[in-house]
Amino acid sequence: MQSRLAKDNPGLRKIFGPGTETGVLTLAAISQRAQRQLSKFDLLARQELEQRGIAVPPGIGLLGCPQCALKLEGDHPQAVELQQWLDGNTKIAKCFKEVEVLFELVRATEAPGQTFSADSCFHIGITRAGPVAYFQDHVCCTTDRHA
């Protein structure tokens, strides 16, 4: 299968924009898209949380592991309400996964050829200062709910 330049690929143009004059998809373009999607996730989550009377602060940590359902991470005074919000919320789960995939692209582009731990899980923190996203090794325990 022949590879196409980003500028000639309508799917890549839709996701990442027109690219550069050379048609090469840059790390900066991928990073910008990942940050935009993270901001969209943050906005959606805050709107849904506000509707449920859940305020930030305190910050909210969300964790997505490859073999587990999206879940709340850490202690929060409204943990029960937060987990109820997450349970079966396909809109939030889908948006979380979109952010995760984009940050996976960034990570893979920043470290070409590197193999990442199978225990590496994606985290999004919703904080007063704004959202944060990162990967961290995390071993899912047997009490985690599996997707």
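Since every read-out is calculated from the coordinates, none of them should be taken as a lab result. Since we're looking at a predicted model, the values are computed, not measured. Cβ sites come from the backbone with ideal geometry, for glycine too, and all protein chains shown count toward neighbours.
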Full-extension gain between Gln32 and Glu98, please, as 0.36 nm times their residue separation minus the C-alpha to C-alpha distance.
22.4 nm
Label model pair Gln67, Thr109: point-to-point distance (7 angstrom along the Cα→beta-carbon line) in nm is 3.1 nm
Let's test the formula: R0 of 22 Å, r as the Cβ-Cβ distance of Ser39 and Gln84. What FRET efficiency results, to the nearest 0.05?
0.30
3J(HN,Hα) from dihedral phi, the stretch 84-101, Karplus parametrisation 6.51/-1.76/1.60, rounded to Hz, x for glycine, proline
4, 5, 6, 4, x, 7, 5, 5, 5, 4, 5, 5, 4, 5, 4, 5, 4, 4
Please list 3J(HN,Hα) in residue order for the stretch 57-74, calculated via the Karplus relation 6.51 cos²θ - 1.76 cosθ + 1.60 where θ = phi - 60°; whole Hz, with x for glycine and proline.
x, x, x, 10, x, 10, 10, x, 9, x, 10, 10, 6, 4, 9, 6, 10, x
Please work out how much length the chain gains when fully extended from Ser117 to Val132, using 0.36 nm per residue of separation minus the C-alpha to C-alpha distance, in nm with one decimal.
3.3 nm
Under the rule of at least 5 residues apart or a separate chain, name every residue whose amide H is placed under 5 Å from the amide H of Glu73.
Gly61, Leu62, Leu63
